[in-house]
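To keep things clear, I will list the structure first and then write my remarks on it.
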C-alpha cells in the first residue's frame, strides 16, 4: 500500500476547521480500512499565518491524532508557498492538495 499525504493550506479557518478535520479523518479511516492507503499516511495542515484560533485548533488535533500533522508559517506566504512547505516536509508516495472551503 502506498503512503498518502493530504496537504491542506489554511488561513483564518477557525469557523470551519473542526468540521473539515472531522471530514478528513473520516476519509482517512475509510481509505485505511479499505486498504487503499498505508496507515503511515498523513493529513497535513499548513497554517499560512492565521490571525485567529486556527493554530490553537490544529495543535489540539495534532495531540489527539497521529495521522494529523500541522505546520505553522511565520506569516502569510500565500497558498502556493504553503503547499510547497507541506510537500517539502513529508515523504509520501502520493500527494493531494485540498483547499478548505468556507
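Bear in mind these aren't lab numbers, they're just calculated from the coordinates by the rules spelled out. Keep in mind that this is a model prediction, so the values were computed, not measured. Virtual Cβ from ideal backbone geometry, glycine too; neighbours counted across all protein chains shown.
Which of the residues belonging to the range 78-93 are within 14 Å of the chain's Cα centre (by Cα) and either at positive phi or not in a loop (DSSP other than H, G, I, E, B) (or both)?
79, 82, 83, 84, 85, 86, 87, 88, 89
For the range 1-17, name all the residues that are in a helix (DSSP H, G or I) and within 12 Å of the chain's Cα centre (by Cα).
17
Being exposed (fewer than 13 other Cβ atoms within 10 Å of the Cβ) and in contact with a strand residue (DSSP E or B) (Cβ under 9 Å, 6 or more places away or on another chain) is the filter here; which residues of the range 20-39 pass it?
Across the range 20-39, the qualifying residue is only 36.
For the range 5-19, does any single residue satisfy the condition of being free of Cβ contacts under 8 Å to residues at least 24 places away in the same chain, in contact with a strand residue (DSSP E or B) (Cβ under 6 Å, 6 or more places away or on another chain) and either within 18 Å of residue 95 (Cα to Cα) or surrounded by 14 or more Cβ atoms within 10 Å (Cβ to Cβ) (or both)? Walk me through how you get there before you give the answer.
Keep residues of the range 5-19 that are free of Cβ contacts under 8 Å to residues at least 24 places away in the same chain, which gives 19.
Applying the additional criterion that residues be in contact with a strand residue (DSSP E or B) (Cβ under 6 Å, 6 or more places away or on another chain) yields none.
No, because not a single residue in the range 5-19 is free of Cβ contacts under 8 Å to residues at least 24 places away in the same chain, in contact with a strand residue (DSSP E or B) (Cβ under 6 Å, 6 or more places away or on another chain) and either within 18 Å of residue 95 (Cα to Cα) or surrounded by 14 or more Cβ atoms within 10 Å (Cβ to Cβ) (or both).
Working only within the range 22-53, note down all residues that are in contact with a helix residue (DSSP H, G or I) (Cβ under 7 Å, 6 or more places away or on another chain) and either assigned to a strand (DSSP E or B) or more than 20 Å from residue 92 (Cα to Cα) (or both).
Scanning the range 22-53 gives 43, 44, 45, 46, 47, 48, 52, 53.
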